[in-house]
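Read the structure below first, then the notes.
The values are calculated or read from the model by the stated rules, or taken from the named source; none is laboratory data. Only a predicted model underlies this, so the values are computations on that prediction, with no experimental measurement involved. With ideal geometry, Cβ positions are generated from the backbone for all residues, glycine too; neighbour counts draw on all protein chains shown.
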Amino acid sequence: MDLDLALRVDEPPIPIESSSLIDKNTYERWERSNRLSLMLIKSHVSKSIRGSIPECDKVKDYIKAIEEQFVSSDKALASTLMNKLSVMKHGKSKSVREHIMEMRDIAAQLKYLEIEISESFLVHFILNSLPTEYGQFKISYNTHKEKWSINELLTMCVQEEERLKHENIESAHFVTQRKGQWKKGKSVGINKWKKDGKATFKRYKDDDTCFFCKKKGHKWTRSLP
C-alpha cells in the first residue's frame with residue numbers, strides 16, 4: 001500500500017497542467033501515503049496529549065513535532081528510572097526472576113536514554129536488592145573469582161529461591177489429647193509455640209478436627225517461626 005512512502009521519499013513537485021502523467025501519478029501516490037500515514041499516526045496518539053501537538057499537513061513534520069514535544073521529558077524520565085532502580089527491593093509479591101527482569105528492563109530504558117549501566121554494575125545492584133535470606137548466596141558470589149553475567153545471575157538466583165523455599169516448608173506437629181480434659185463432649189487441648197524466644201501456651205476448645213485433612217480424632221497445627 002506504500003503507507004510509508006511519504007516517510008521514505010521527499011515530497012515531489014506539485015504537478016501542473018503541463019506535467020507528465022508519470023509526475024502526476026508520483027505525486028498522487030506520495031500525497032495518498034502522506035494522508036494515510038497522518039491518519040494512522042494520529043489514531044495511535046493518546047487523546048490526552050494529542051491537543052498539545054501542533055497540526056501539520058505533512059507526516060514528517062508531524063513526527064518532528066512529536067519528537068520536539070517530548071525531548072525535554074527525557075531527563076525527567078531518566079531521573080525517575082534511576083530513582084526507581086536505586087530503591088528497588090525484592091519482596092514476596094513476585095518471584096526473583098520477575099524482579100531481575102524488571103531491573104533489566106529499567107537498565108535497557110536508561111540505555112535508550114543514553115545512560116549506560118555496565119553489566120557488572122547491574123549484577124551488584126541486583127544482589128544488593130535481594131533480602132537477607134540471600135546472605136549466604138551474596139557471600140558465595142563475593143568469594144567467587146569469576147564474574148557472573150546477568151543470565152548466569154538469573155539462573156543462580158532462581159535455584160537459590162527454590163532452595164530457600166524447600167528449607168522453609170512449614171512443618172506440622174501432632175497435638176495429642178490429654179486425659180481428664182473433657183468438657184461437655186468437647187476436648188480441651190494446649191497449643192504451644194515459641195515467640196521471641198519464649199514459650200507461649202494457648203488453650204483451645206473445639207471438636208478435635210485436623211487443620212490439614214479436616215478429619216476428626218486428631219489435631220495438627222502449624223509450627224510458627
Given the criterion part of a loop (DSSP other than H, G, I, E, B), of a type in the set (Gly, Ala, Ser) and either over 50 Å from the mean Cα position of the chain (by Cα) or more than 22 Å from Phe70 (Cβ to Cβ) (or both), identify the matching residue among Ser19, Ser33. Ser19
Within segment 132-146, can one find any residue that is of a type in the set (Asp, Glu), over 23 Å from Asn83 (Cα atoms) and outside any helix (DSSP H, G or I)? yes
For Thr26, state whether it is of a type in the set (Ser, Thr, Tyr), surrounded by 11 or more Cβ atoms within 10 Å (Cβ to Cβ) and within 27 Å of the chain's Cα centre (by Cα). no
State yes or no: is Ile115 surrounded by 10 or more Cβ atoms within 10 Å (Cβ to Cβ), under 30 Å from the mean Cα position of the chain (by Cα), not assigned by TED's automatic domain parsing to the domain that holds Pro15 and not in a helix (DSSP H, G or I)? yes
Quick count over segment 40-67, residues being surrounded by fewer than 10 Cβ atoms within 10 Å (Cβ to Cβ) and in a helix (DSSP H, G or I), is 5
Out of everything in segment 92-111 that is without any contact (Cβ under 8 Å) to a residue 12 or more places away in the chain and part of a loop (DSSP other than H, G, I, E, B), what residue ends up being surrounded by the most Cβ atoms within 10 Å (Cβ to Cβ)? Lys94
Among the residues of segment 37-77, which ones are more than 24 Å from Leu113 (Cα to Cα), among the basic types (Lys, Arg) and at pLDDT 85 or above? Lys42, Lys58
